[in-house]
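Colleague: The structure is given below, and queries will be raised subsequently.
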Amino acid sequence: MITRDTIEEKLSLTEGEKKWLANPSSLPLLVSDFFFSLIDKDDPEDPIRRQVIPQELESKVEDFLDPLMEVSYSVTERLIHHYTNRCALLTTDRCFTYCRHCFRRRFTGTSTGQISQEQIIEAVDYLKAHKEVKELLLTGGDLFTLSNDRLEFLFRSLREAREDIIPRLCTRAVATYPERFDDELMAIVKRYSYGAPFVLMTQFNHPRELNEKSINAVSRFIDMGIPAYNQSVLLKGVNDNVDVLEELSNKLMYNRIKPYYLFQGDQVCGTKHLRVDIVKGLEIEKELRKRLSGLTMPQYTADLPQGGGKVILTENYLKEVHEDHVVFETPDGEIRKYPR
Ligand SMILES: *Cc1c(COP(=O)(O)O)cnc(C)c1O
Ligand code: SF4
């Protein structure tokens, strides 16, 4: 594990990185040995490094701590109910590696700790009373930093209360700490794989994160019949490039992981230097859509400020609306009329 105390022994830091060390932001520096091993130490601009080694710019207090207004959508201490038919449960603030682009930094790495049994019961009681909720995101932090005992308690409580809810297992640990997914853990997952299906939600942002170990970890879920979906974040200097995103999507699909979302970086404090101009993002989306199949294309999505919710961002191919027809521009820039 690499922390603020050991980083200088392990990596020759840039000036900007040294300045962060002298004046750190609230999100801790923590990188697992495995994820650290993926960094090309000779490249200060390495895309893995940029995701986990903080820079001076991070300590700038701009933007918001909670642009999605998750606090105001919270219905229990740990449960967020923003969209009618799905909830998100903050199971822990801990991760095996902290991402410098984390949008939930109001909570992540704050030593809030793993969800207590009482908090699980409180959340489950809410779900019992709210039958309109059909899916539950088990998120954080990283779900799989929970102890096996607490995970088991969580799964059991949820299944006993609402077998019909689809739990989404949200984790970046398959990329950052694949050794977590050992036989003991997978046996727990398997024990509760009845009723509404589990779904695995991963976060891979760069093709290099897909390697033998991480792919094997994901495969353990898929071989058990649990489908995998990936949510990437569009990050400056990491993947704001059509070639990189094309390779990432193809590699995900080849390894049975469906590219689901490509998120525009939220307006969260300390992440501005990693955010991509939304207009550039749209250009990337347009070009990417030409190169990828429908199956491999993720949905470029923004979570609107002040809790406005998610909207899908895509080139608008519909250019004009007339009384008896509409006018489209094709992806190659040609004009086509379509009758109403
Ligand atoms: C993103 C999000 C969800 C899940 O939304 P999907 O579009 O179904 O993936 C649920 N709850 C909250 C609070 C979210 O931010
Ligand atoms: S794994 Fe998720 S919750 Fe943890 S730091 Fe990264 S983005 Fe934030």
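Colleague: Go ahead and set up a Gaussian network model of the chain, Cα springs under 10 Å, then flag whichever of 183, 324, 63 fluctuates most.
Modeller: The residue with the greatest mean-square fluctuation here is 324.
Colleague: A further question follows. Any chance you could run the full-extension gain for residue 337 through residue 14? It's 0.36 nm times the residue separation minus the Cα-Cα distance, nm to one decimal. Provide the component values of the computation, followed by the final result.
Modeller: Working: separation 323, 0.36 × 323 = 116.28 nm, distance 5.49 nm.
Contour length minus Cα-Cα distance gives 110.8 nm.
Colleague: On to the next question. Can you tell me what share of the DSSP beta bridges in segment 40-155 is antiparallel? A percent to the nearest 5 is fine.
Modeller: Working: 4 of 9 bridges.
If we restrict to bridges inside segment 40-155, about 45 percent are antiparallel.
Colleague: Can I ask one more? Hey, what did the chain get for relative contact order, percent, Cα under 8 Å, at least 6 apart?
Modeller: Values: 625 pairs, mean separation 51.1, N = 340.
Reported as a whole number, the value is 15 percent.
Colleague: Under a cut-off of 30 Å between alpha-carbon atoms, report the lysines in cross-link reach of residue 128, not counting same-chain residues fewer than 8 places apart.
Modeller: Result set, ordered by chain and number: 190, 310.
Colleague: With all protein chains present, how much of the accessible area of the chain (probe radius 1.4 Å) comes from carbon and sulfur, to the nearest whole percent? Spell out each step's value before the answer.
Modeller: Details: 7930 of 15730 Å².
So the carbon and sulfur contribution to the accessible surface is 50 percent.
Colleague: Still on this structure: Once amide H atoms are built 1.01 Å from N in the peptide plane, which residues 5 or more positions from residue 165, or in another chain, come under 5 Å H to H?
Modeller: Amide H neighbours of residue 165, under 5 Å, 5+ apart: 196.
Colleague: Could you identify which residue out of 304, 154, 29 has the top mean-square fluctuation in a GNM of the chain using Cα springs shorter than 10 Å?
Modeller: Between 304, 154, 29, it is 304 that shows the largest mean-square fluctuation.
Colleague: Related question: Considering only C-alpha atoms, what is the centroid distance from segment 111-163 to segment 1-73, in Å?
Modeller: The distance from the Cα centre of segment 111-163 to that of segment 1-73 comes to 30 Å.
Colleague: Please give the net charge around residue 191, taking every other residue with its beta carbon less than 10 angstrom from that of residue 191, where Lys and Arg add +1 and Asp and Glu add -1. Walk me through the numbers on the way to the answer.
Modeller: Details: positive: 156, 159, 190; negative: 152.
Residues near residue 191 contribute +2 overall.
Colleague: Still on this structure: Longest span of the chain, sites excluded, free of GluC sites (Glu not before Pro) in DSSP loop with at most 12 other C-beta atoms within 10 Å?
Modeller: Values: sites that count: 45, 62, 132, 163, 323, 334.
Longest run free of exposed loop sites: 164-322.
Colleague: Would you mind telling me the antiparallel percentage of the DSSP bridges in the chain, rounded to 5?
Modeller: On the way: 18 of 44 bridges.
Close to 40 percent.
Colleague: Suppose all protein chains stay in the model; what accessible area per residue would a 1.4 Å probe give for the chain, in Å²? Write out the running numbers ahead of the final one.
Modeller: Values: 15730 Å² over 340 residues.
I get 46 Å² per residue for the chain.
Colleague: For a test of the definition: using alpha carbon positions, the gyration tensor, and the 1.5 limit on a/c, classify segment 6-128 as rounded, prolate or oblate. Write out the running numbers ahead of the final one.
Modeller: Values: a/c = 2.75, a/b = 2.12, b/c = 1.29.
Prolate, because a/c is 1.5 or more and a/b exceeds b/c.
The values are calculated or read from the model by the stated rules, or taken from the named source; none is laboratory data. Fair warning: this is a prediction, and the values are worked out from it, not measured in the lab. Heads up, the Cβs are rebuilt from the backbone with ideal geometry, glycines too, and the neighbour counts pull from every protein chain shown. What goes into the accessible areas is simple: the full protein's heavy atoms, side chains included, and nothing from ligands, DNA or RNA. Shrake-Rupley method; radii C 1.70, N 1.55, O 1.52, S 1.80 Å.
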